[in-house]
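The values are calculated or read from the model by the stated rules, or taken from the named source; none is laboratory data. All figures in this text were calculated on a predicted structure; none of them were measured in a lab. All Cβ positions, glycine included, derive from the backbone under ideal geometry; neighbour counts span all protein chains shown. Accessible surface is based on the protein model in full, side chains and every heavy atom, while ligands, DNA and RNA are left aside. Shrake-Rupley method; radii C 1.70, N 1.55, O 1.52, S 1.80 Å.
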Amino acid sequence: MSIWHRITVDKKHSKLFGVCAGIANAFGYSRMGVRVTTVIGLLFAPIITLTIYATAAVLLPTRQQVTA
């Protein structure tokens, strides 16, 4: 299975929309590390980070919608 099929929005562990939790789950990173990286991205490149985050929140499927 491709990595693009494993990235989902994780509503169970979400703080806002679950994008960071889903990315952390797909790549095996810690959720806190991905969230800290996102905040740093917001500080240095807010428009790009917000655009990518919002697009991912809208387009990525939730974990329950994905079938194996």
Residue ID - farthest from Thr62 (Cα to Cα), chosen from residues in the stretch 1-16 that are assigned to a loop (DSSP other than H, G, I, E, B) and either at pLDDT 90 or above or open to solvent by less than 30 Å² (accessible area, probe 1.4 Å) (or both): Ile7
Which numbered condition Ile52 fails, given (1) at pLDDT below 80; (2) within 10 Å of the chain's Cα centre (by Cα); (3) not basic (Lys, Arg): (1)
Boolean, Gly41 is small (Gly, Ala, Ser), on the phi < 0 side of the Ramachandran plot and exposed (fewer than 13 other Cβ atoms within 10 Å of the Cβ): no
Residues satisfying the stated conditions in the stretch 44-55, i.e. of a type in the set (A, V, I, L, M, F, W, C) and either touching a residue at least 60 places away in the same chain (Cβ under 8 Å) or surrounded by 11 or more Cβ atoms within 10 Å (Cβ to Cβ) (or both): Ala45, Ile48, Leu50, Ile52, Ala54
Count - residues of the stretch 17-35 that are open to solvent by 70 Å² or more (accessible area, probe 1.4 Å) and among the aliphatic types (A, V, I, L, M): 1
Criterion violated by Val58 - all others in (1) out of contact with any Gly (no Cβ under 9 Å at 6 or more places or on another chain); (2) modelled with pLDDT under 95; (3) open to solvent by less than 40 Å² (accessible area, probe 1.4 Å) satisfied: (3)
